[in-house]
Amino acid sequence: MCLVWLSEWIQAVQATMILSVVFSVISLFLFFCQLFTLQKGGRFFLTGIFQILASLFVMSGVTIYTVKNADWVPEAASYGYAYILAWVAFPIALISGFIYIILRKRE
């Protein structure tokens, strides 16, 4: 029973991280599409929204991992570089999303 419970939380972390990567790729694809089709002076709203959603998925996954980490990892173990990278990726993706929303297309 305990292993099933642990695997559900790890799967939730994996799913949110995969969704964040998917939304980031969609955001990049939309940026290039809007770059060539958007009128002059238009804003990259759709790109920004997907980037903000990606940052929220990163935050959700890392938060779940932070809260449930004590349940499946020994206290002597450290979080690791990927964990720190995920916390760094969250504000960078969020700021990137807001910059996309503010960004206007120039000639």
**Item:** Among the candidates Leu56, Leu35, Leu28, residue that is within 15 Å of Ile18 (Cα to Cα) and of a type in the set (A, V, I, L, M)
**Value:** Leu56
**Fill in**
Condition set out of contact with any helix residue (DSSP H, G or I) (no Cβ under 6 Å at 6 or more places or on another chain) and at pLDDT below 90, scope the range 56-67, selection surrounded by the most Cβ atoms within 10 Å (Cβ to Cβ): answer is Thr66
**Fill in**
Just one listed residue, out of Leu35, Leu30, Leu53, Leu46, is closer than 19 Å to Val88 by Cβ and open to solvent by 30 Å² or more (accessible area, probe 1.4 Å), and it is Leu53
**Asked** Could you give every pair whose Cβ atoms fall below 6 Å, whose first residue belongs to the range 10-30 and is within 29 Å of Ala70 (Cβ to Cβ), and whose second residue is part of a helix (DSSP H, G or I) and among the hydroxyl-bearing types (Ser, Thr, Tyr), counting only separations of at least 6 or pairs across chains?
**Response** Val13/Tyr65; Thr16/Ser60
**Message:** Take the residues in the range 4-27 that are within 19 Å of Ala89 (Cβ to Cβ) and open to solvent by 80 Å² or more (accessible area, probe 1.4 Å); name whichever of them is modelled with the lowest pLDDT.
**Reply:** Gln14
**Fill in**
Restricted to the range 68-107 and to residues being surrounded by 13 or more Cβ atoms within 10 Å (Cβ to Cβ) and of a type in the set (Phe, Trp, Tyr), the residue farthest from Ser27 (Cα to Cα) is Trp72
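The values are calculated or read from the model by the stated rules, or taken from the named source; none is laboratory data. Because the structure is predicted, anything quoted here is derived from the model rather than measured. Cβ coordinates were reconstructed from backbone atoms using ideal geometry, including for glycine residues, and neighbour counts include every protein chain displayed. Heavy atoms of the whole protein, side chains included, go into the accessibility calculation; ligands, DNA and RNA do not. Shrake-Rupley method; radii C 1.70, N 1.55, O 1.52, S 1.80 Å.
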